[in-house]
Amino acid sequence: MSKRLLRLVALLAGLSLIAAACGGSSTEDEASTEAADSTEEESSTEAEEEVGGAADDDATAEAMEEAAEGEAEEASGAASIEDLEAEWAARRAEIVADIKANGYGVDPDTNILTGPAGMEIDLNNCPSDWSDTGGVVDGTVKIGHTIAQSGSLAAYGNITFGMGAYFDYVNENGGIGPDGLQIELLAKDDEYVATKTQELVDELLQTEDPFYITTLGSPNTFSVQPKLNELCVPQPMVQTGHQAWGDPDNNPWTTGLQLSYAAEALLWGSWIEQNLSGDAPITVAALVMDNDFGLAYEQGFDRFVEASDVIEKVEFVRHDPAAATLTNEVTTLAAENADVFISMTAGNPCLLAIQEAARAGITTNAKAVFTPSVCKAVSSYMAPAEDAAEGWYIIGGGWKDNTDPQYVDDVYISWMNQLIDDAGLDSNNSLVGSGVGQFGWSQVEALRIAAELDGGLTRTNLMLAVRSLDVNHPALLEGIDFSANGAEDAYLVEGSDVSKFDAASQTWVQQGGVIDLNGQSTNCAWVAGEGC
């Protein structure tokens, strides 16, 4: 009997024991009885619910296999930025029309915001002095933003510069909505320290009352998520892929944007099973950033390994997020002589991990080495590693890197790079490009949709817009959707590429087609220390 089947049997047996212990005819008893008698399809659903933030193992494996047999899709036929902007405007109009046709919005009788797929936010729970138009003042919409601009992850501060450049472009070209609202970006340096994030968010709330606040970093986002949800202040499209941001029931004002770390971890495991099963049993060495970010990866991958017939063992070694060197940690992992090495880190440690893996002989001896999706930036993490970057794999989350030479003729990327240069910034910096194309563009599209809804730009309309998005994102690879669906599907990006780095050409070479898991990631009601 396979480890996956044994695990499922144990799960169902556990549910039956719970039912027997509880007695009576409670909802839990009925659910347990139904689970014990479930069909194979229902059992798959039960396993899927356990993952949280990702599709189930079978769907992940199937999508990975289909992608391996496919090919990279060509870019859309848009000939100019004007063509793209016309497409975006048309799609926004369709979303607005759909929201209005379904009667979504705040019910004046119940004071409850409704949206697609059972979405509900009870505004009666908001503070008595809460304002739906907070942060919209004198023709300006104030956006709060905390991010590391100093410290070990200071490179991420370049995202803010990119966002600012795109917001300036929008301001200069009509602003947001029929009233031409101007975006004011209030960026604060939290040094990637969660307590500092809390201080800065408090300061923003007390002095600026921003329309919304977006945060970078899993520990940082966690540190302020309860307060922002309690105060009914939107925390949209946070710059972290933790699966916990997919929780519209318990944290309706928080949303993510990128591929979840849980989904990425399952894709690592699925790739290993698909490509290295002939070499089983496989051992894995994993370098993990010791915080909520790294532990999300660790938990997701460890769960996969427990059920794997191919991966026999994984050794996790954690490192301090502020570490100036990773020599000791990587040396320890090198002693494992593992078949696969996975870096589960972020920021400057991305580069250090690649360099140390080469020094310790890991890249020479391992069958495959993976760097995480948050380390895809060519200019920041791959190019500085020089030859040591050759051959690294990535589950890349589907994003195009504006410094990758393969996109030099991409209409949107080339326009974006010109925008960056015109703003006096460096278009050779991948993270500046992420600020424009990945985060700036996404926020603006949601703001524009919200501004066209009844009542104009309000916090409730923004959340309705974010959870109704279904657009072709110009910074995503063809074939990867950018969509959410109210209370059912809280993850905007659920697909990915599998790519391998070519150091000679400084480019990520896509392996096969894209992995399509759109709409299959289950929501994640995160419990600290336990997971979803």
Take each of the peptides 244-254, 386-396, 305-315, average the number of other beta-carbon atoms within 10 Å over its residues, and list them starting from the highest.
244-254, 386-396, 305-315
Charge dipole magnitude, Cβ of K and R +1, D and E -1 - segment 442-532, Cα centre, debye nearest 20:
260 debye
Between the alpha carbon centres of segment 298-334 and segment 436-500 the gap in Å comes to 33 Å
Counted neighbours (other Cβ, 10 Å), sorted fewest up, put 156, 169, 412, 491 in the order 169, 412, 156, 491
Amide H within-cut-off set for residue 212, under 5 Å, with H built and near neighbours excluded
144
Labelled set [x] 156; [y] 198; [z] 134; volume of the Cα convex hull per residue in Å³ computed from this model equals the value at [x]
Based on the Cβ-Cβ distance of residue 199 and residue 454, what FRET efficiency does E = 1/(1 + (r/R0)^6) give at R0 = 30 Å, to the nearest 0.05?
0.20
Estimated vicinal HN-Hα couplings, Hz - segment 341-351 in sequence order (Karplus 6.51, -1.76, 1.60; Gly, Pro = x):
10, 10, 8, 10, 9, 7, x, 4, x, 4, 5
Candidate lysines - alpha carbon under 24 Å from residue 142, same-chain residues fewer than 8 apart omitted:
188, 196, 227
Most exposed first by the Cβ proxy, i.e. fewest other Cβ within 10 Å, how do 521, 270 rank?
270, 521
Quick one: Karplus J couplings for segment 490-496, per residue in order, coefficients 6.51, -1.76, 1.60, θ = phi - 60°, nearest Hz, x for Gly and Pro?
9, 10, 5, 10, 10, x, 7
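If neighbour count is taken as other Cβ atoms inside 10 Å, put 231, 464 in order from fewest to most.
Fewest-to-most Cβ neighbours within 10 Å comes out as 231, 464.
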Using alpha carbon centers only, segment 350-375 is separated from segment 507-532 by a whole-angstrom value of 22 Å
Label-point separation, residue 130 to residue 71 (7 Å along Cα→Cβ), nm:
5.2 nm
Among the lysines, which have Cα under 21 Å from the Cα of residue 376 when same-chain residues fewer than 8 positions away are ignored?
367, 400, 500
Using 1/(1 + (r/R0)^6) with R0 = 51 angstrom and r between the beta carbons of residue 97 and residue 504, what's the FRET efficiency to the nearest 0.05?
0.55
Enumerate the amide H contacts of residue 315 below 5 Å, restricted to partners 5 or more residues apart or on another chain; note that Pro and chain-start residues carry no placed amide H.
284, 285, 286
So residue 172 and residue 150, fully extended at 0.36 nm per residue minus their Cα-Cα distance, gain in nm 5.0 nm
For residue 120 paired with residue 387, estimate the spin-label separation in nm (one decimal), with each label point 7 Å from Cα along the Cα-to-Cβ line.
6.4 nm
Diffing segment 440-449: the Karplus 3J(HN,Hα) column from phi (6.51, -1.76, 1.60, θ = phi - 60°), in whole Hz with x for Gly and Pro, holds x, 4, 4, 5, 5, 4, 5, 4, 5, 5
If each of residue 335 and residue 138 carries a label point 7 Å out from its Cα toward its Cβ, how far apart are those two points in nm?
6.3 nm
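Every number in this text was worked out from the coordinates using simple rules, so none of it is lab data. Treat the numbers as computed from the prediction; the structure is a model and nothing was measured. Note that we place each Cβ from the backbone using ideal geometry, even for glycine, and neighbour counts take in every protein chain shown.
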